[in-house]
Amino acid sequence: MILLDVLPEPSDSPMAGPLGFVVATVLLALPVMHLAFVVYGTLRTMMAVRPVPDHPVRSQVPMVSMIVPACNEESTLEAATRAKLTAQYPNLEIILVDDRSTDQTGKIADRLAAQDPRVRAVHVTELPEGWLGKVHALHRGTMEAKGEWLLYCDADVHLSPSVLRRVVAEAEARSLDYVSVIPRLRSGPFWRDVAFATMVRVILLLGRGWQVRSGDVRAAAGSGVFGLVRRSAYAQTQGFEHLRMEVVDDAAFAQMMKRAGARCEVFLGKDDATLDFYPTLRDLMHGLEKNAYGGLGGYNLLRHLAVVMVMLAIEVGPWLALFVPQGRVLAGLVILLLAATQGLLAHWMGQSIPRAIVPSLGAFLMIAILARGGYLVETRGYIEWRGTRYPLDLLRANRRLVP
């Protein structure tokens, strides 16, 4: 408890009396409740979400259509697609949807298609009115697909050779309709990694992976990294046309599947799916501009500010309570246990543990990023994604995600 020993003695402080108990209670009530949920949710997630089990190799397997939307992905598309082509799966087609790219993405897709008959390139040159670019690319790829199973996978994701075979076999054995995989995010710059630790904690706990099998629509694990859906189950939904203006499309897609009665599952894929998710802190800041405001606040400024203020109270409270005699020990425990829980999650996901256990720094970064993103989107009146601006009023009117 070195952290506690460096603080001044409080014997002459007005906080030494009953007032100190009141102040400590106010500062620590929310952080303690949050910590309890974090510990509970972390342990439940780790127990419920397991690695993809192995199955014997079968000679006859259903066809899988892997749909890969790509916009200006010239630096990642070829290497990631070649990794996908190592799949130990004999009945696979990969549909590369070039979404209005202005770099070499389209040419790379054409070259890959010419070299391997499993690959097809589809080029989107114009975006129809009333569609987000990525959602339209997913819709277009789905229309082109021939498979009994549809796998939605981002252009920069690297998959292990066996993961598709194992996931399909498990889905067939258990009559699952929608399966997502939690990836390993490769380590990067220090500031980005410490912010990631908080982001991962928030996303995993809000997603409530331990309830994915339940009927609760809000507990849905959607993934643009690896989202495998049975085509017949997808046909029971309203499809991507229903999500055409939904920025948080992966989570909304999972909720749509659950609403249609699909049997869902999520697996840990730290050894099976990897990617560089926002290479720098600046990339993370710009990336969250487009989806954090809709995902957390539903494009409502007051609601978004309320979320940010609650997060700030959770993180600042324990540090302020360190200066209150009656709250000092509990505050120190809250800070240390929250950092330790993030370290446990990082170990579970195969990420950097030392950067995950830096107390509160990543949380303060994320709070600043979220506050900045909400402010910018609200004042601009639009989001910009893949080179297209989408008015905020249109996004609000077509929002599908249930918070």
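Bear in mind these aren't lab numbers, they're just calculated from the coordinates by the rules spelled out. Just so it is clear, the structure is predicted and the values come from calculations on it, not from any experiment. Backbone-built Cβ (ideal geometry, glycine too); neighbour counts: all protein chains shown.
The convex hull of the Cα atoms of the stretch 53-119, projected and averaged over all directions, covers 5.1 nm². Shown for Lys146, Lys290, Lys84: other C-beta atoms within 10 Å of each C-beta, ranked fewest to most, produce the order Lys146, Lys290, Lys84. Placing pseudo-labels 7 Å out from each Cα toward the beta carbon at Gln236 and Glu126 gives an inter-label distance of 3.8 nm.
Summing charges over neighbours of Leu401, with a neighbour being any other residue whose Cβ is under 9 Å away from its Cβ, gives 0 when K and R count +1 and D and E count -1.
Counting Lys and Arg as +1 and Asp and Glu as -1, what is the net charge of the other residues whose Cβ lies under 14 Å from the Cβ of Gly297? Don't jump to the answer; show the numbers that get you there.
On the way: positive: Lys290, Arg303, Arg372, Arg396, Arg399; negative: Glu289, Glu378.
Local charge sum for Gly297: +3.
At full extension, Lys107 and Leu301 could sit 65.7 nm farther apart than now, given 0.36 nm per residue minus the alpha carbon distance.
When DSSP assigns beta bridges and you keep just the ones with both residues in the chain, what percent turn out antiparallel, to the nearest 5?
On the way: 13 of 38 bridges.
Percent antiparallel among DSSP bridges in the chain is about 35.
By the rule of a C-alpha distance below 30 Å, with chain neighbours fewer than 8 residues away ignored, the lysines paired with Lys107 are Lys84, Lys134, Lys146, Lys290.
In the elastic network of the chain, a GNM with C-alpha springs shorter than 10 Å, the most mobile of Gly147, Gly227, Gly20 is Gly20.
Against the 2.2 N^0.38 Å scaling, with N counting residues, where does the stretch 175-317 land? I'd like the Cα-based Rg ratio to two decimal places. Before the final figure, lay out the partial values.
Details: Rg = 16.0 Å, N = 143, 2.2 N^0.38 = 14.5 Å.
Rg over 2.2 N^0.38 Å, computed on Cα atoms: 1.11.
So if R0 is 45 Å, what FRET efficiency would Leu337 and Ala79 give, r being the distance between their Cβ atoms, rounded to the nearest 0.05? Before the final figure, lay out each step's value.
Numbers: r = 40 Å, r/R0 = 0.88.
The formula returns an efficiency of 0.70 here.
For the stretch 243-290, the Cα gyration tensor yields ellipsoid semi-axes of 26, 19, 6 Å (square root of five times each eigenvalue, largest first, whole Å).
Here the average projected area of the convex hull drawn through the C-alpha atoms of the stretch 359-403 stands at 4.4 nm².
Going from the residue with the fewest nearby Cβ atoms within 10 Å to the one with the most, Phe196, Phe190 rank Phe190, Phe196.
Inverting the pair-averaged 1/r between distinct Cα atoms of the chain gives 22.5 Å as its Kirkwood hydrodynamic radius.
Just want the ordering: Ser232, Ser180, Ser187, from fewest to most Cβ atoms lying within 10 Å of their own Cβ.
Ordered by Cβ neighbours within 10 Å, fewest first: Ser232, Ser187, Ser180.
Estimated from helical segments only, the mean residue ellipticity of the chain at 222 nm is -16000 deg cm²/dmol, where each DSSP H run of four or more residues counts as -39500 (n - 2.57).
Once the convex hull of all Cα atoms in the stretch 69-178 is built, its volume per residue stands at 100 Å³.
Averaging sequence separations of C-alpha pairs under 8 Å and six or more residues apart, then dividing by the length of the chain, give the relative contact order as a whole percent. Provide the component values of the computation, followed by the final result.
Working: 723 pairs, mean separation 90.4, N = 403.
Here the relative contact order equals 22 percent.
For Ala80, what is the net charge nearby, where nearby means another residue's Cβ is under 11 Å from its Cβ and Lys, Arg count +1, Asp, Glu -1? Result for the local shell: -3. Across q = 0.13, 0.23, 0.25, 0.26 Å⁻¹, the stretch 307-398 modelled as identical point scatterers on its alpha-carbon atoms has Debye log10 I(q)/I(0) values of -0.64, -1.08, -1.18, -1.22, in the order of the q list.
Calculate the tail of P(r) for the stretch 244-372: the fraction of all Cα-Cα distances greater than 18 Å, expressed in %. It would help to have the intermediate numbers written out before the result.
Numbers: 5671 of 8256 pairs.
Counting every Cα pair in the stretch 244-372, those more than 18 Å apart make up 69 percent.
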